[in-house]
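The values are calculated or read from the model by the stated rules, or taken from the named source; none is laboratory data. Source: prediction; values computed, not measured. Here the Cβ positions follow ideal geometry from the backbone for every residue, glycine too, while neighbour counts run over all protein chains shown. Just the protein is used for accessible areas: all its heavy atoms, side chains included, with ligands, DNA and RNA removed. Shrake-Rupley method; radii C 1.70, N 1.55, O 1.52, S 1.80 Å.
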Amino acid sequence: MTLALVLTADGSADLADHLAGQCRHAGIDEVRLVSDLATLADLAESTPGPVLVTGADLVAHTAVLRHLATSPAGPTVALVLAGPPAPGRAAVREDRGQVVAAGSPAALDGEATGVFGGALRVDPANLPVLVVAARAIAAEVVPVGAVAAHGVVDDEPAVDRLLADLVARDAVTFAHRVRLLVARRVGAADDRATAEAAVAAVDPDRAELRLSVKERDDFFTTFFVSTWSPYVTKAAARLRLSPTTVTMISVAFAVAAALLFGAGGRPALIAGAVLLYLGFVLDCVDGQLARYTRTFSAWGGWLDTMADRAKEFIVYAGLGYGATQAGFRYGWALAIAAMAVQTVRHMSDTWYGAMHDEAARRPQATSGGGFGARLSAASNRVQADVGSVTYWLKRTVVFPIGERWALIALAAALFDQRVALFAVLTGMVLALGYTAALRLLRARSMRVGVLNTVDTSLHRDDGTLARALPTPRWPGPLGLAVSAVLVAAVLLGLALFGPDSLPRWTALVGLGALLLAAAGARAVHGGALDWLVPAALRAAEYLFAILVGVLGGVPAWLVFGYVFVLTLHHYDLTARLEKRKLAPPLHDATLGWEGRSAVLTLSAITGIAAIGMATLGIYLLVVFVGSVALAWVIRPARAARAAGSTGAVGGRPPG
């Protein structure tokens, strides 16, 4: 249940009544007019759901309020408008979509990136902060720090002071920008008439359909998908298809493309390329449909993430099988390499992003200057120059999914599966080298640790064995993880390209290096580069699994299947933990990366590597499916029954 609170002290009474009606039309469950922040605090304290707070000086499309109330960002989302900061209104400074400072325009010293729009949505996670801030302002108890420094004064609207106080109390706040639709804060009758005329001049449904397309996307998606995908989105909405249904259809297209790639032959390769492109269009449509119909859910976001990676890796499997059937010996090897490299890239992307967000909230951490700081400034300038050649080069050089799928489709249709795999793997490696080099330099200048504030063992995917090992003082968790990667890579290189085949007991050497890396589980992960630890551990585990496959003569397709199951587990873990959610329900049953590696070592030494890998892979797949069922079906159903039996209102299922 969402509660809307309209502060009547911030505008005229008739505009407050109009806003209240708009909130109801936007689907908000309960709307209350409040005249002071003390009353607002009392109401917010007693509600179990999110709260939308708005001043009564806002003239906007109803869709603006609906978008703010249903925004998937959180836990606090503030409406931010363009234009120069206005006197008496709070200005904001943003970094990576976060509001990192709010206050008077003069106090922000020319660094304002927008103006507060007079409305914000606060989720239950931040309601206690909202209550404390509202009561402090009502009692004129202003916290020492950001609010005072940013020049909030008594005659500013209450909702502006509230936002500044929330930001000062480190409530993570995201900016919600208005595009195409209209939202303006008014102070006089003439201003209101002009704003209402601007609202009436825009067709909200047409604007919302255009808004369903991401404001900034990659080159291929922008020019070859988003130019016509909104028509598909509109049709899907008319057919009452859900985003989840569209996601599953896109999966079916990708599976069909993979089967055609596996079959081979020019007609099949061309048909597979077409289906791959159409599947990617539908992959964009599911997100556009969710934004257009405002049907967001934790389940939908999780499924979209998992489906994207599963589709991509299934296509690699089809290409690997097809290349092998066509007589290329290393078809499966290329598919395994592409899957492993892409997963490691995504793991590093996740925690680099978390580090960057943390640095945005702690700007003093980046004040050291240096080459890394100059790189950050240059990157920000390029990102701001939307549509320029350098802007598109920067977005393309990281080899995003649209470019990957386009390259696969073209290479397969024009050449064959082998060329497609070589091309996509080459692009991945180049992108990995580019991003890694620049991120290392930038991260050192930020000097921010992100893994020292969370349950590190979950992010590392440690098991019982890792948590029980003693912690060495040197060389730290990152050094240990990188050492494990190097040892596994060297052993795999010797096994593949050495003059003689390595004995099976060589797996013990690799396991020893992995266990040394596991010993860093309880060490503090506060270094500026420790965000790389989870990705390094993923690389070490994948390399070691491939090594065991080579030592034990395991069929390449089986090695691919085992690593594929591992990636499902790791994406499941990452999709939850990057949002600071709970770990999968059956996480402890996955044995941890070091436990799984120990099982593989035992199977390799005893001469049953294929049986051991197949059995462990099936076991992990069963655990994954069981974990998904528990998290998204069984536990929510139990919570719903419990809420129904007790008469609870506004509860949220876990997950």
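How far, in degrees from 0 to 90, does helix 556-577 lean away from the longest principal axis of the Cα atoms of the chain, to the nearest 10?
Long axis of 556-577 versus the principal axis of the chain: about 20 degrees.
Counting Lys and Arg as +1 and Asp and Glu as -1, what is the net charge of the other residues whose Cβ lies under 15 Å from the Cβ of LEU289?
+2
As I understand it, the dipole of the chain uses +1 on the Cβ of Lys and Arg and -1 on the Cβ of Asp and Glu, about the Cα centre. Which of LEU537, LEU441, MET306 lies farthest toward its positive end?
LEU537
Taking the Cα centre of the range 197-290 as origin, sum charge times position over the Cβ atoms of Lys and Arg (+1) and Asp and Glu (-1), and report the length of that vector in debye to the nearest 20.
Here the range 197-290 has a charge dipole of around 220 debye.
If R₀ is 25 angstrom, what is the calculated FRET efficiency for the pair ARG638 and PHE296, using the beta carbon separation as r and rounding to 0.05?
FRET efficiency, ARG638 to PHE296: 0.60.
Once label points are set 7 Å from the Cα along Cα→Cβ at both HIS25 and ARG177, what is their separation, rounded to one decimal in nm?
2.7
Please turn the phi angles of the range 36-41 into ³J(HN,Hα) values with the Karplus equation 6.51 cos²θ - 1.76 cosθ + 1.60 (θ = phi - 60°), one per residue in order, whole Hz, x for glycine and proline.
8, 6, 5, 5, 4, 4
What's the ranking of 565-573, 217-225 by average number of surrounding C-beta atoms within 10 Å, highest first?
By packing density, highest mean first, the sequence is 565-573, 217-225.
From the residues ALA413, SER379, TRP351, which one has its Cα farthest along the dipole of the range 343-482 in the positive direction, the dipole being from +1 and -1 charges on Cβ of Lys/Arg and Asp/Glu about the Cα centre?
In the range 343-482, that residue is SER379.
Measure off, as a whole percent, the carbon and sulfur share of the 1.4 Å-probe accessible area of the chain, all protein chains present.
Taking all protein chains in place, the chain shows 63 percent carbon and sulfur surface.
Pick the calculated Cα Rg over 2.2 N^0.38 Å for this structure from (1) 1.03; (2) 1.28; (3) 0.95?
(1)
Using R₀ = 35 Å, calculate the FRET efficiency as 1/(1 + (r/R₀)^6) where r is the Cβ-Cβ separation of PHE223 and ALA82; round to 0.05.
With a Förster radius of 35 Å, E is 0.90.
Which angle between 0 and 90 degrees, to the nearest 10, do you get for helix 331-361 versus the longest principal axis of the chain when only C-alpha atoms count?
The helix 331-361 is inclined about 30 degrees to the chain.
Would you pull out the residues with amide H under 5 Å of ILE608's amide H, same chain only if 5 or more places away, H placed 1.01 Å from N?
none
Sort 539-548, 471-480, 309-318 by packing, meaning the average of other beta carbons within 10 Å per residue, with the highest value first.
Averaged packing, sorted descending, gives the order 539-548, 309-318, 471-480.
Would you please name the trypsin sites (Lys or Arg not before Pro) within the range 166-272 that are DSSP coil residues with at most 15 other C-beta atoms within 10 Å of their C-beta?
ARG179, LYS214, ARG216, ARG240
How far is helix 417-446 tilted, in degrees, relative to the longest principal axis of the Cα atoms in the chain, given as a value from 0 to 90 rounded to the nearest 10?
50
As I understand it, the dipole of the chain uses +1 on the Cβ of Lys and Arg and -1 on the Cβ of Asp and Glu, about the Cα centre. Which of HIS459, VAL129, GLY626 lies farthest toward its positive end?
GLY626
Kindly rank 241-247, 123-129 from highest to lowest mean number of other beta carbons found within 10 Å of each residue.
The densest-packed peptide leads the list: 241-247, 123-129.
Can you list the residues, at least 5 places off or on another chain, whose amide H is less than 5 Å from the amide H of ALA101, using H built in the peptide plane?
Placed amide hydrogens put ARG93 under 5 Å from ALA101.
How many nm is it between the label spots at ALA237 and ILE618, if each spot is 7 Å from the Cα in line with the beta carbon?
Going from the ALA237 label point to the ILE618 one covers 4.8 nm.
With +1 assigned to the C-beta of every Lys and Arg and -1 to the C-beta of every Asp and Glu, and no other charges, what is the dipole magnitude of the chain about the Cα centre in debye, to the nearest 20?
Value, rounded to 20: 1640 debye.
For ILE28, what is the net charge nearby, where nearby means another residue's Cβ is under 13 Å from its Cβ and Lys, Arg count +1, Asp, Glu -1?
+3
Using alpha-carbon pairs under 8 Å, 6+ residues apart, how would you state the relative contact order of the chain in percent?
11
Using label points projected 7 Å from each Cα along Cα→Cβ, tell me how many nm separate ALA197 and THR245, to one decimal.
A separation of 4.4 nm, rounded to one decimal place.
Efficiency by 1/(1 + (r/R0)^6): what FRET value for MET1 and ASP190, r their Cβ-Cβ distance, R0 = 51 Å, to the nearest 0.05?
0.85
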